[in-house]
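Shown next, in structure tokens, is the structure this report addresses.
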Amino acid sequence: MGRLATDIGGTFTDLVYFEEASGELKTAKSLTTPGDLTEGVFDTIASAGLAPEAIAFFVHGGTTVINAITERKGARTALLTTAGFRDVLEIARGNRPDLYNLRFEKERPFVPRLLRFEVGERLDALGNVLLPLEMRDLDAAVARCEEEQVEALAVLFLHSYVNPVHEAQAAAYLREKLPRVAVTASHEITREWREYERASTTVLNAYVQPIVERYFERLEGALAGRGIDCPLFAMQSNGGTTSFGWAKAHPVTLIESGPAAGCNGAAIAGEVCGEPSVIYLDIGGTTAKCSTIEDARPRVTTEYRLEYSRTQFGYPLRIPVVDIVEIGAGGGSIAWFDQAGLLKVGPASAGADPGPACYGRGGTEPTVTDAKLVAGVLNPENFAGGRVKLDAGRARAAMQKIADGLGTSIEAAAVAIMRTVNANMINALKLVSIQRGHDPRDFALVVGGGGGAMHGAALGRELGVKEIIVPLYPGLFSAWGMLATEPRCDLMQTALVRADEVSAREVRDRFDELTAEAERYFEDFQSNDGIALRFETSVDLRYLGQEHSVTVPVAPEAAEMDQILADFHAAHQRQYTFRLDDTPVEFVTYRLTAVANVARPRLRALNGQGRSLERAEKPPRDIDFVDDGRHTARVFDRNRLPAEAVIDGPLVIEEPTATTVVHPDQRLRVDAQGFLRITEGAERGGAPE
Amino acid sequence: MRQDPTIRDFQTDSVTREIIRGKLLAVADEMGVVLKRSSMSPVIYEVLDFACGFCDANGDLVAQMNGITVFTGAFSIQVNVIRRKFADQLRPGDIYMLNNPFDGGTHYNDVGIVKPIFVDGELFAFAISISHWTDVGGKAPGSLPADATEIYQEGICFPGVVLFKEGVRQDAIFDMVEANVRIPKMALGDLNASLASVRIADKRCQELCGKYGKDAVAETFRHTLESSERVSRAAVAALPDGVYEAKDWIDGDGISEERFPTRVAVRIEGEEMTFDFTGSCAQLAGPVNCTRSALVASVKTVFKAIVDPQTPSNEGWFRPMKVVAPEGTVFTAERPAPVGWYYEGTAQASELAWKALASIAPERMSAGSANSLCVTVLGGIDRARENEPWVMIEPSMVGWGAIDERDGNCVTSAIPNGDTFNYSVELLEAKFPVRVREYALNTEYGVGAGRHRGGYGSIREYEVLADDTVLSASYGRSVERPWGMADGEEGSCNFFDLHLDQDTQRKSRAPTTLMQRGDRIRMVTGGGGGHGDPFERPAALVADEVRAGYLTAAQARDDYGVVIRADGREIDQAETERLRTGVAR
């Protein structure tokens, strides 16, 4: 019996299986099947040779949600609002982060004005009903939805975060009248105030709901059809998992599932290597994602904004999401010339279908993967475990266009592409590190994804990190991270009360309610009997008059008012340099995170059998190291490298799902668990092997 | 590491400098986060009417957060007021406060907090934050009476005073604040937040110098300024030498409804650019004047837009820029002129410069916007909430002009206001005795037509829920419409309708006016100017906008030459063809 994680990326579908009894890991990778994504999942299960009854736990993540949104391929979505407020999405917050750019472009709304409908109803800020829900307006909206062939509908009424009565009533009515339309009411997805932010979140949920619902239903059916009837979990953006049923109703919470799993994996990898401060870089087929992890915990925020940058506000999503930055640069990224004749790489990607030219599946555009093949970095016989033979002839043919444009050789064109894509990735890495005030020299770089290990050494060198860590199965890293992920729910309840009117008893009661809610949430899981739940509890407090609050951990059973207040004053002073002892304090929000304990797969030390440098070494090959020149590099098979081996670059380490490159003057050490650790300065590092 | 050959004698490698520069930006951002999150007034934590920055020992700005550009543009000027006034009396632990518009400031509400930072006992840098206080006393709640005739009606002045001397709190100043403002709790709360922001900057600066050495940090300051200056000079040199002029009107000053002429002549000579406002009208009786410091700050915004909009700003960029204007104009008002609504003057100055340069840098520009902050102030006593005094000050967002490749932005903050936010309706109703009846695109009065049309302004209607609510409001660009570009049409104007009891008045400026429960104000902001010939706008797009309710069929016909059939959907191709190719408009 064991645990299975599958992760669908833009290009590959990955599988990692952990056999509970033996501690053995099995892996598989296959091309993503965009026509029917479930096919790719079953391809991996078949190629890992897993029997259905061996699977006791199934966790699943993927890019379905983010792809539908970034490619603007979601459902035809309408928005229903309180009368007078239908333009809330287009008005947004009116801010202009690109301060000096008079040609700044504001985000375009996901719902066009044609599909924005209004209904008479109104509450006040305390949740009192001022105007009843106007049923005739609802009927008119139903008619318009039918006429316009709307597939999804978001409902946003003012002050529903305090009192959802009208929203709930409207949603029930609309679901009845429009059975084929996916309806999301704002209070079902977030209970925070600010109508624009809630509208944005709700609309994005509606926008992807029909797609995700169809997909999960197909997957559930297919799993059952193959005799896999264990509990099914979906990876969420908050770094935890949830049930399929919950995921279908709250699909937008899956938006960053892959990166969230990767961040978990990176935090664990850092911990194992004694590096609590980690910059995580995941390079897939279509995008590169990065994140900084401090104190071995990925940062989770509800301030996530899709497509945010320093000059672009993006689209707010008020759901808990790991803090990551994403750019359109991956193995499938296509090289092209802009109007000024400058070489660009991405964001357009050849994806999985047709894929890079060298896959021989009909792609003719030159991609990063083609460049890597031409430069000798990739071994044509070793890609995806040798199951995809790379065609160097096709890669060179595609590269010709770039060589012509630059007036150089095909080899030089490949180097130009690698240099350009590295520069894009460096910028993203700087955004999460240097520009947030971190010094990369205090961090280790953990790389994952199919391309991470290939780019890591060059990027890490330029960024100046302490060391570069290539974990086990970097090509399957998100899936690996998912195995270690626990079912989790984040609950909160806002209750604005002055501290002098709150008793310790009340604090305990509030947390009891939240605990009960969490237990109900976990009851819905078709899960192992008697999951042990772990709780983290905290309260947001502020000085009366402030809007923003400070979160203070509180242990409910031992709650003492004096202690809570003392902790708050101290935390406020720590964060904001001052405390206001004479100003009344206000309780704002009670927060509870419930996590179902699942044992982490324990990493075993590398088995010494059959491992030695001699056995691992393969014939050398000529490789272009871009800024570090062309060299004949030693080549090793990772699966035969022994623990504590130390080798100096230039060299290449091959494994079925990744290729690690070590540049000249860098040193590689294989640690006890088999992680590859790359540091600068081969010449200073003692006697060479 | 390779050194930049054009910049002299730097010891620090370029990677370290880049890391330090990144950290300085992060410090400025953190100052902003601390100020926003610890503040007690909605205009700061929700609208973000503030900015924070970090200057070197000479007072030159080296890093700023995204914030109000008129504030960031005034940072160096303000810090230099403190440097000049206190010269060798500056000590570690000192913190200063200033808001004098006639000496470095903007208006009394914008209070600057300056902390000199010492490293190893030597003056090393300055941290500054400027934030808009909700009320600083004076004639009306919010301190912005639209009919002020003297600055003394606009509240209390802090002409560069010491708040902390070597760490010791100067209680007298705090007492003065408390005794002169309408909502002391809020003012002192915001003062605390500002103090926190400059203190965190000091702490981070010490850490930075501890880690990299103060020489490396100082070199980074110098390199940042010098490299920016160099890029800036090259950008100006690339523009054709010449004199570029623009004229405009100020539509009333709050006292009179007269229109007042303004003008600028921009001279480009080699690497330098001079903005000469000579010939603009004399300072006005009403509070739409600005002072020289605000003028310079407002010109900086447009200058940066021309030379390099996106690289982080600092004082180096502005070294090739000069501003000329005689004393005593609407842009260089002198005491005791009222300046409460100074941002109307600065909006005007920015837009003059923008208009003058539009022809030589069209790739950096857009058509005109309904460029005014359109500020509304409501306040009084909230009897439903323990008789708490309340003041709500709110800038409105406006429609922006189109550009050569796309339509203008809808409902976006005006040029002086940068990265500020509108009030969330839900938050506003929870904090103030006001009900929002509508917040929608202003399709009623429309935008400038064009191949690319201007962006829409907004309509926002409030019903006041408390008796004896005091209103003052002042909207610019209420007569002179936003300009179009390349045959695009002019946009629409800003105004508000005031419904008092049975009476309705359309206005653009309201002196202190009493409103009673149930009275309403409907605030309408204009649409931006269009770009290109409206007859070249794709007919299908025009038809879509008719269906979506942006345009009426009549507007489609009159403005775009697109005829929609009676079903409201189909285009009458023949008739459209006839209109579009036939008679000249």
Query raised in the report: Which residues, counting only those in the stretch A:292-350, are in contact with a helix residue (DSSP H, G or I) (Cβ under 6 Å, 6 or more places away or on another chain), closer than 22 Å to A:L281 by Cβ and among the aliphatic types (A, V, I, L, M)?
Result: A:I293, A:A296, A:V322, A:I324, A:V325, A:I327, A:A329, A:A335, A:V345
Query - Failed item, numbered, when A:S433 is tested on (1) among the hydroxyl-bearing types (S, T, Y); (2) within 14 Å of another protein chain (Cβ to nearest Cβ); (3) closer than 29 Å to A:T13 by Cα - result: (3)
Report task. Give the residue that is surrounded by the most Cβ atoms within 10 Å (Cβ to Cβ), with candidates limited to residues of the stretch A:88-97 that are in a loop (DSSP other than H, G, I, E, B) and within 7 Å of another protein chain (Cβ to nearest Cβ). Result -> A:R96
Requested in this report: Starting from residues that are in a loop (DSSP other than H, G, I, E, B) and at pLDDT 95 or above, keep the ones in the stretch B:240-261 and report whichever is surrounded by the fewest Cβ atoms within 10 Å (Cβ to Cβ).
Outcome: B:P240
Query raised in the report: Could you list, in sequence order, the residues of the stretch A:1-45 that are more than 18 Å from A:L219 (Cβ to Cβ) and in a strand (DSSP E or B)?
Result: A:G2, A:F18, A:E19, A:L25, A:K26, A:T27, A:K29
Report task. Please go through the stretch B:399-413 and pick out each residue that is more than 9 Å from chain A (Cβ to nearest Cβ) and not acidic (D, E). Result -> B:G399, B:A402, B:G408
Requested in this report: Report, ordered by the first and then the second residue, all pairs with beta carbons closer than 7 Å, sequence separation of six or more or different chains, a first member in the stretch A:114-135 that is at the interface with chain B (Cβ under 9 Å from one of its Cβ atoms) and under 14 Å from A:A168 (Cα atoms), and a second member that is loosely packed, with under 15 Cβ neighbours inside 10 Å and modelled with pLDDT of 95 or more.
Outcome: A:R122/A:L130; A:R122/A:L131
**Report entry** Which listed residue, of A:K29, A:K106, A:K73, is away from chain B (no Cβ under 14 Å), more than 30 Å from A:V142 (Cα to Cα) and basic (K, R)
**Finding:** A:K29
Query raised in the report: In the stretch A:133-168, which residue that is in contact with a His (Cβ under 8 Å, 6 or more places away or on another chain) and part of a loop (DSSP other than H, G, I, E, B) is nearest to A:D87 (Cα to Cα)?
Result: A:F157
Report task. Look at the stretch A:136-165 and say how many of its residues are touching a residue at least 40 places away in the same chain (Cβ under 8 Å), within 14 Å of chain B (Cβ to nearest Cβ) and of a type outside the set (F, W, Y). Result -> 5
Query raised in the report: Hey, among B:A235, B:A196, which residue is touching a residue at least 24 places away in the same chain (Cβ under 8 Å), buried (at least 16 other Cβ atoms within 10 Å of the Cβ), within 14 Å of another protein chain (Cβ to nearest Cβ) and over 20 Å from B:E30 (Cα atoms)?
Result: B:A235
Query raised in the report: Restricted to the stretch B:20-29, and to residues that are within 7 Å of another protein chain (Cβ to nearest Cβ) and out of contact with any Leu (no Cβ under 8 Å at 6 or more places or on another chain), which residue is modelled with the highest pLDDT?
Result: B:L25
Query raised in the report: Take the residues of the stretch B:385-398 that are away from every other protein chain (no Cβ under 11 Å) and over 22 Å from the mean Cα position of the chain (by Cα): which is modelled with the highest pLDDT?
Result: B:W390
Query raised in the report: Between residues in the stretch A:596-620 that are at pLDDT 80 or above and residues that are among the hydrophobic types (A, V, I, L, M, F, W, C) and part of a helix (DSSP H, G or I), which pairs lie under 7 Å by C-beta distance while being six or more apart or on different chains?
Result: A:A596/A:F522
**Report entry** Condition met for A:N101 (within 14 Å of chain B (Cβ to nearest Cβ), touching a Pro at 6+ places or on another chain (Cβ under 9 Å) and surrounded by fewer than 21 Cβ atoms within 10 Å (Cβ to Cβ))
**Finding:** yes
Query raised in the report: How many of the residues in the stretch A:263-280 are buried (at least 24 other Cβ atoms within 10 Å of the Cβ) and either closer than 18 Å to A:G61 by Cβ or at pLDDT below 90 (or both)?
Result: 7
Requested in this report: Working only within the stretch B:301-312, note down all residues that are more than 7 Å from chain A (Cβ to nearest Cβ) and within 17 Å of the chain's Cα centre (by Cα).
Outcome: B:V302, B:F303
Query raised in the report: Could you say which residue among B:V43, B:V34, B:V70, B:V79 is in contact with a Pro (Cβ under 7 Å, 6 or more places away or on another chain), part of a helix (DSSP H, G or I) and either within 30 Å of A:R194 (Cα to Cα) or more than 14 Å from chain A (Cβ to nearest Cβ) (or both)?
Result: B:V70
**Report entry** Residues of the stretch A:1-31 classified as out of contact with any His (no Cβ under 9 Å at 6 or more places or on another chain), surrounded by 18 or more Cβ atoms within 10 Å (Cβ to Cβ) and within 11 Å of A:L476 (Cβ to Cβ), total
**Finding:** 11
Query raised in the report: Do you know which residues across the stretch B:115-125 are surrounded by 24 or more Cβ atoms within 10 Å (Cβ to Cβ) and closer than 15 Å to B:D88 by Cβ?
Result: B:P116
Query - Evaluation of B:F331 against (1) part of a loop (DSSP other than H, G, I, E, B); (2) out of contact with any Leu (no Cβ under 6 Å at 6 or more places or on another chain) (one fails), failing number - result: (2)
Query raised in the report: Among the numbered criteria (1) charged (D, E, K, R); (2) away from chain B (no Cβ under 11 Å); (3) under 25 Å from B:L441 (Cα atoms); (4) without any contact (Cβ under 8 Å) to a residue 12 or more places away in the chain, which single criterion is violated by A:E176?
Result: (3)
Query raised in the report: Only one of (1) in contact with a Cys (Cβ under 7 Å, 6 or more places away or on another chain); (2) at pLDDT below 95 is not met by B:F432, so which one is it?
Result: (1)
Query raised in the report: Can you spot a residue in the stretch A:384-404 that is more than 14 Å from chain B (Cβ to nearest Cβ), closer than 30 Å to A:S277 by Cα and either touching a helix residue (DSSP H, G or I) at 6+ places or on another chain (Cβ under 6 Å) or not β-branched (V, I, T) (or both)?
Result: no
Query raised in the report: Can you name the condition, by its number, that B:G53 falls short on among (1) part of a loop (DSSP other than H, G, I, E, B); (2) modelled with pLDDT of 95 or more?
Result: (1)
Query raised in the report: Tell me, which helices (runs of 4 or more DSSP H) lie completely within the stretch B:530-585 with 3 or more residues that are more than 27 Å from B:A367 (Cα to Cα) and more than 14 Å from chain A (Cβ to nearest Cβ)?
Result: B:573-581
**Report entry** Identity of the residue in the stretch B:282-298, free of Cβ contacts under 8 Å to residues at least 60 places away in the same chain and assigned to a helix (DSSP H, G or I), that ends up farthest from the chain's Cα centre (by Cα)
**Finding:** B:R292
Query raised in the report: Where residues in the stretch A:570-582 are in a loop (DSSP other than H, G, I, E, B) and more than 8 Å from chain B (Cβ to nearest Cβ), which of them is nearest to the chain's Cα centre (by Cα)?
Result: A:R579
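The values are calculated or read from the model by the stated rules, or taken from the named source; none is laboratory data. Source: prediction; values computed, not measured. Methodologically, a virtual Cβ is constructed for each residue, glycine included, from the backbone with ideal geometry; neighbour enumeration extends over all protein chains shown.
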